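What follows is one structure encoded as structure tokens, with my remarks underneath.
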Amino acid sequence: MMCHFLKTGRQFWVDDEAATATEYAVMLAMIVLACMAAVALLGSKVSDIFANTKTEFDTYYP
């Protein structure tokens, strides 16, 4: 029983697939946070640009 536990532990320690998955999850979380920050910072400015563009189109092309 203990031998099986040690083999499993050794295999887990040598196998780096779980570490790679964790690294990808951390990178994905950082990308999501960066996108959320960009939307929070630029969201109202982009909305104003589209609103101004719509106003200009409505003025020149009624």
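The values are calculated or read from the model by the stated rules, or taken from the named source; none is laboratory data. Remember, it's a predicted structure, so these values are computed and weren't measured experimentally. Using ideal geometry, Cβ is built from the backbone for each residue, glycine included, and neighbour counts are taken over all protein chains shown.
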- Message: On the basis of being out of contact with any strand residue (DSSP E or B) (no Cβ under 8 Å at 6 or more places or on another chain) and modelled with pLDDT of 90 or more, does Leu6 make the cut?
- Response: no
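May I ask you to verify whether Glu17 is within 26 Å of the chain's Cα centre (by Cα) and either among the acidic types (Asp, Glu) or at pLDDT 90 or above (or both)? Spell out the reasoning first.
On the way: within 26 Å of the chain's Cα centre (by Cα): yes; either among the acidic types (Asp, Glu) or at pLDDT 90 or above (or both): yes.
So Glu17 fits the description; yes.
For the condition surrounded by fewer than 10 Cβ atoms within 10 Å (Cβ to Cβ) and either modelled with pLDDT of 90 or more or of a type in the set (Val, Ile, Thr) (or both), what is the one hit in Thr22, Thr59?
Numbers: Thr22 fails: surrounded by fewer than 10 Cβ atoms within 10 Å (Cβ to Cβ).
Going through Thr22, Thr59 in turn, just one is surrounded by fewer than 10 Cβ atoms within 10 Å (Cβ to Cβ) and either modelled with pLDDT of 90 or more or of a type in the set (Val, Ile, Thr) (or both): Thr59.
Does Phe50 meet the test of being at pLDDT 90 or above and out of contact with any strand residue (DSSP E or B) (no Cβ under 8 Å at 6 or more places or on another chain)? If you could, list the steps in order and put the result at the bottom.
Details: at pLDDT 90 or above: yes; out of contact with any strand residue (DSSP E or B) (no Cβ under 8 Å at 6 or more places or on another chain): yes.
So Phe50 fits the description; yes.
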